[in-house]
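Chemist: Take a look at this one; I'll ask things after.
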2 protein chains.
Amino acid sequence: MCTEQAGRVINFSLSSAACNSEANGSRTNLSSSDSVINLDHGDPIIFEPYWRKMGDKCTVVIPGYQSLSYFANINNLCWFLEPELEKAIKRLHRVVGNAVVEDYHIVVGTGSSQLIQAALYALCPPDGPEPVSVVSAVPYYSSYQDVTEFLRSGLYKWEGDARTFDKEGAYIELVTSPNNPDGTIRERIVKQGEGKVVHDLAYYWPHYTPITSPADYDIMLFTISKCTGHAGSRIGWALVKDEPVAKKMTKFIELNTIGVSKESQLRAAKILGVISDNCLHFGSSSSDNFFEYAEHLMAKRWEELMDVVGRSAIFSLPEYPQEYCLFAGKFTEAHPAFAWMKCNNDKIEDCEKFFRGNKILTRGGKRFVADPKYVRVSMLGKEDEFNLFLERLLAIQETGYVLG
Amino acid sequence: MCTEQAGRVINFSLSSAACNSEANGSRTNLSSSDSVINLDHGDPIIFEPYWRKMGDKCTVVIPGYQSLSYFANINNLCWFLEPELEKAIKRLHRVVGNAVVEDYHIVVGTGSSQLIQAALYALCPPDGPEPVSVVSAVPYYSSYQDVTEFLRSGLYKWEGDARTFDKEGAYIELVTSPNNPDGTIRERIVKQGEGKVVHDLAYYWPHYTPITSPADYDIMLFTISKCTGHAGSRIGWALVKDEPVAKKMTKFIELNTIGVSKESQLRAAKILGVISDNCLHFGSSSSDNFFEYAEHLMAKRWEELMDVVGRSAIFSLPEYPQEYCLFAGKFTEAHPAFAWMKCNNDKIEDCEKFFRGNKILTRGGKRFVADPKYVRVSMLGKEDEFNLFLERLLAIQETGYVLG
């Protein structure tokens, strides 16, 4: 059993979020002013109504005798990748137009977290004299450092901000675009020497950002968690240009977990297939287009948040340019999965601590090596939690509640 | 695409087995004398007929809106463990009597491979001056060394055979019982100093070995792959006595893969539940008892193999003592998942190479740091492959085929 208490020790990890039973366990009490709203982690519950609406279309039925073997496709480089999932991934990227799939190898992973580690393993020589430097531009996803450091690997070493990185020799730059936490579109920063780049494109989908061109980087990571909201399935995939790199990534997953859940792969194949099917009816009045639905939902939340934030000068949000989205066929705006909020009040040095005092859990700027005046707020939570957040934010702004 | 050819480069890994399309891809040609039989890896296909017989009883139906969240049980130390799976695991261990579950924490993993790494992470101080030594008694499971070494971790270091280990300081001993490759019952070897032990009990089930007492070690690892044959699900679990260790193992899985497939967990819960239900009818004529079925199947294969091997002195097999099995309520014999065969012919120095010459892929003794006169032969493959293996073995013995 967990002994941590909400509001006492908040160290931002998923496990502490899970342990925070006051924050999560009492969702029935959300209307209470005492309830803690957890917007720290990006648990993508927002799209649940869409999946309920889909009814049986996405239901998978798996008999007891199916998928006993470790193997899925012995003729594929990635031998544990279900052929149906491979097809569904390629089709979806073609339909959405967010990534090139021709001449790419697909490596499936237990979420994209595993694939980041697989990519680091694949891009480092096994017997290098020095660990390869791993960098990312500030503000960067708070897990990159943890994931690079937790096993004290001799293959790679976390070196922090890509903007200030000036070491000689091999390096790997992790580029998240749109970026987590701030939703900006990014390109690689470091240009010198023997650099490799891993593009984490978890949020490069039309409900979060305009699709301006099909990405065609060497290694591109995607995850169903952020695409459709099926985070519990733990399915990510990498599009990899170079065969030896794809082979080494596959080897990592073989050593780490001997493949990836067949059940999750079969379900992901079904879900991605339904999404592709439903894209055929974009913009029609009877549209079940997932991206259209999700984009409307994200736009609505962002509109509401900007409305509340705009009522005072205490907080501010980034601005995103309108761009022509090839998928939507019109100019659209970004509606990132996270709001990167800045607190402009001089009395508030630590915005995350301030919000916590108001029973709102967010992830503070420090965790992204940024100013503690910033917080990252999940936009993907449950409707009632998001609405309570807006209510509380409004009250803070209107009454100056606990500002002093 | 894979470019390796069967019989040319066989490096024993799952990926090379997968790439070996001649070995795996042409199962329809098994009657041909040219076909390669792959008994290298332990893909547990043997129990498939049982699961077919179960029909709809083990079928899971998962609607599209289910299990979106990263979380499964926010009040549990292992926050991604499905409560149904936790209950099913505890019930099965109580029914079978192979492990104590009272006062243990359950940590679910993406197969037990991930849990071995989680245990190493949990048992090593994060900032120790020296990596902790990891040892296992020869012959040991060929993956232990790979898994310990592949990231060149500064937390732990592979030190080989537990029998000859005599370093001072912290160490972790991996004890597999029944052992892979040789099926023997094992206890820890190293006794000095600050040692921790991880018990890998993947094969401690009544179809492989007599259950002589409920195991109650500090860390015990199990996997559904070897228990029921559902290797594709990638579900393992650890029974962990110490709460801080269970927390650190959970943290490892959070960092590594942010939890474990919910689909696989829900299916595993169903399957383990059906097995427990069916144990209620042990020994009755209409029994669907999985362990009874599986034990008969294993006993039959072992009997057939011993019969063939006994016809000459070229090969030999280990002998296992009869022991009283608490589950079966009678004296039973071990029928290990692998046959640890020795070649007694002086002309054959490398038994794995010899078998390969006869188009039989096995895992040679060297991979287990043992005499190359030994090979590990999977007893869990498909019926037709196993029968062809017996035929070929008989031919080798009767004709001295390619002995010279």
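Chemist: Identify all residues within the range B:302-335 that are closer than 21 Å to B:Asn387 by Cα and either aliphatic (A, V, I, L, M) or in contact with a Phe, Trp or Tyr (Cβ under 6 Å, 6 or more places away or on another chain) (or both); write none if there are none.
Modeler: Just the residues of the range B:302-335 that are closer than 21 Å to B:Asn387 by Cα, to begin with: B:302-318, B:334-335.
Residues satisfying the conditions are B:Leu305, B:Met306, B:Val308, B:Val309, B:Ala313, B:Ile314, B:Leu317, B:Pro318, B:Ala334, B:His335.
Chemist: Which of the residues belonging to the range A:93-148 are in contact with a His (Cβ under 8 Å, 6 or more places away or on another chain) and surrounded by fewer than 20 Cβ atoms within 10 Å (Cβ to Cβ)?
Modeler: A:Val100, A:Val101
Chemist: Can you tell which of B:Ala294, B:Ala299 is open to solvent by less than 10 Å² (accessible area, probe 1.4 Å) and either within 14 Å of chain A (Cβ to nearest Cβ) or not in a loop (DSSP other than H, G, I, E, B) (or both)? Before you say what the answer is, go through the steps one by one.
Modeler: On the way: B:Ala299 fails: open to solvent by less than 10 Å² (accessible area, probe 1.4 Å).
Going through B:Ala294, B:Ala299 in turn, just one is open to solvent by less than 10 Å² (accessible area, probe 1.4 Å) and either within 14 Å of chain A (Cβ to nearest Cβ) or not in a loop (DSSP other than H, G, I, E, B) (or both): B:Ala294.
Chemist: Name the single residue, out of those in the range A:38-49 being in contact with a Gly (Cβ under 8 Å, 6 or more places away or on another chain) and not in a loop (DSSP other than H, G, I, E, B), that is least open to solvent (accessible area, probe 1.4 Å). Steps first, answer last, please.
Modeler: Our first condition is that a residue be in contact with a Gly (Cβ under 8 Å, 6 or more places away or on another chain); within the range A:38-49, this holds for A:38-39, A:43-48.
Filter again for not in a loop (DSSP other than H, G, I, E, B), leaving A:38, A:48.
Details: A:Asn38: 11, A:Glu48: 45 Å².
Result: A:Asn38.
Chemist: Search the range A:62-92 for residues being closer than 23 Å to B:Lys382 by Cβ and not in a loop (DSSP other than H, G, I, E, B), and hand back the single one that is nearest to the other protein chains (Cβ to nearest Cβ).
Modeler: A:Ile62
Chemist: Being surrounded by 24 or more Cβ atoms within 10 Å (Cβ to Cβ) and at the interface with chain A (Cβ under 7 Å from one of its Cβ atoms) is the filter; apply it to the range B:230-253 and report the residue that is farthest from B:Glu292 (Cα to Cα). Let's see the steps before the verdict.
Modeler: Of the range B:230-253, the ones surrounded by 24 or more Cβ atoms within 10 Å (Cβ to Cβ) are B:230-240, B:249-250, B:253.
Subsequent filtering for residues that are at the interface with chain A (Cβ under 7 Å from one of its Cβ atoms) retains B:230-234, B:250.
Values: B:His230: 18, B:Ala231: 20, B:Gly232: 23, B:Ser233: 23, B:Arg234: 24, B:Thr250: 34 Å.
Applying the filter and picking the extreme gives B:Thr250.
Chemist: Follow-up. Looking at A:Ser35 and the list (1) within 30 Å of A:Ser143 (Cα to Cα); (2) at pLDDT below 95; (3) facing chain B (nearest Cβ under 7 Å), which single condition is not satisfied?
Modeler: Going through the list (1) within 30 Å of A:Ser143 (Cα to Cα); (2) at pLDDT below 95; (3) facing chain B (nearest Cβ under 7 Å), A:Ser35 breaks only (3).
Chemist: Identify, please: which residue in the range B:40-61 is in contact (Cβ under 8 Å) with a residue 60 or more places away in the chain and of a type in the set (D, E, K, R) and is, among those, farthest from the other protein chains (Cβ to nearest Cβ)?
Modeler: B:Asp40
Chemist: Oh, and also: Any idea which of (1) in contact with a strand residue (DSSP E or B) (Cβ under 9 Å, 6 or more places away or on another chain); (2) modelled with pLDDT of 95 or more is the one A:Val96 doesn't satisfy?
Modeler: All conditions are met except number (1).
Chemist: I'd like to check which strands (runs of 3 or more DSSP E) are fully inside the range B:93-172 and have at least 2 residues that are among the β-branched types (Val, Ile, Thr) and either closer than 24 Å to B:Ile185 by Cβ or away from chain A (no Cβ under 14 Å) (or both).
Modeler: Details: elements: B:105-110, B:132-136, B:156-161.
Answer list for the range B:93-172: B:132-136.
Chemist: Can you tell me which residue in the range B:196-229 is least open to solvent (accessible area, probe 1.4 Å), limited to those that are free of Cβ contacts under 8 Å to residues at least 60 places away in the same chain and more than 13 Å from the chain's Cα centre (by Cα)?
Modeler: Looking at the filtered set, the residue picked out is B:Val197.
Chemist: Hey, can you tell me all the residues within the range A:230-277 that are under 23 Å from the mean Cα position of the chain (by Cα) and either part of a loop (DSSP other than H, G, I, E, B) or modelled with pLDDT under 95 (or both)?
Modeler: Answer for the range A:230-277, where residues must be under 23 Å from the mean Cα position of the chain (by Cα) and either part of a loop (DSSP other than H, G, I, E, B) or modelled with pLDDT under 95 (or both): A:His230, A:Arg234, A:Lys241, A:Gly259, A:Val260, A:Ser261.
Chemist: Still on this structure, I have one more. Here is a list of conditions, (1) touching a His at 6+ places or on another chain (Cβ under 9 Å); (2) more than 18 Å from A:Leu380 (Cα to Cα), and A:Trp51 meets all of them except one; can you say which number that is?
Modeler: Here A:Trp51 clears every test but (2).
Chemist: Would you check which residues across the range B:350-377 are open to solvent by less than 20 Å² (accessible area, probe 1.4 Å), of a type outside the set (Phe, Trp, Tyr) and not in a loop (DSSP other than H, G, I, E, B) and list them?
Modeler: Residues satisfying the conditions are B:Cys351, B:Glu352, B:Ile360, B:Leu361, B:Arg363, B:Gly364, B:Gly365, B:Val375, B:Arg376, B:Val377.
Chemist: Pull up the range A:311-320, narrow it to residues that are out of contact with any Leu (no Cβ under 9 Å at 6 or more places or on another chain) and at pLDDT 95 or above, then point me to the one that is most open to solvent (accessible area, probe 1.4 Å). Lay out the reasoning, then the answer.
Modeler: Within the range A:311-320, the first condition is being out of contact with any Leu (no Cβ under 9 Å at 6 or more places or on another chain), and the residues that meet it are A:312-313, A:316, A:318-320.
Restricting the remaining residues to those that are at pLDDT 95 or above gives A:316, A:318-320.
On the way: A:Ser316: 40, A:Pro318: 35, A:Glu319: 174, A:Tyr320: 38 Å².
The residue in question is A:Glu319.
Chemist: Against the conditions (1) crowded, with 21+ Cβ neighbours inside 10 Å; (2) out of contact with any Lys or Arg (no Cβ under 8 Å at 6 or more places or on another chain), where does B:Tyr171 fall short? Just the number, please.
Modeler: Result: B:Tyr171 passes all but (2).
Chemist: Now, a different point. Can you pull out every residue in the range B:95-150 that is under 21 Å from B:Gly193 (Cα atoms) and of a type in the set (Phe, Trp, Tyr)?
Modeler: B:Tyr121
Chemist: Taking B:Leu380, is it within 22 Å of the chain's Cα centre (by Cα), aliphatic (A, V, I, L, M) and part of a helix (DSSP H, G or I)?
Modeler: Numbers: within 22 Å of the chain's Cα centre (by Cα): yes; aliphatic (A, V, I, L, M): yes; part of a helix (DSSP H, G or I): no.
Taking the combined requirement at face value, the residue does not satisfy it.
Chemist: Only one residue in B:Leu77, B:Leu14 is crowded, with 19+ Cβ neighbours inside 10 Å, at pLDDT 95 or above, under 28 Å from A:Phe252 (Cα atoms) and among the aliphatic types (A, V, I, L, M), so which one is that? I'd like the intermediate steps shown before the answer.
Modeler: Details: B:Leu14 fails: at pLDDT 95 or above.
None of the other options fit; the residue is B:Leu77.
Chemist: Any idea how many residues of the range A:340-384 are within 22 Å of A:Asp161 (Cα to Cα) and among the basic types (Lys, Arg)?
Modeler: Within the range A:340-384, residues that are within 22 Å of A:Asp161 (Cα to Cα) and among the basic types (Lys, Arg) number 6.
The values are calculated or read from the model by the stated rules, or taken from the named source; none is laboratory data. Computed from a predicted structure; not experimentally measured. Cβ coordinates were reconstructed from backbone atoms using ideal geometry, including for glycine residues, and neighbour counts include every protein chain displayed. The protein model used for the area step is the full one, side chains on, heavy atoms only, and it has no ligands, DNA or RNA in it. Shrake-Rupley method; radii C 1.70, N 1.55, O 1.52, S 1.80 Å.
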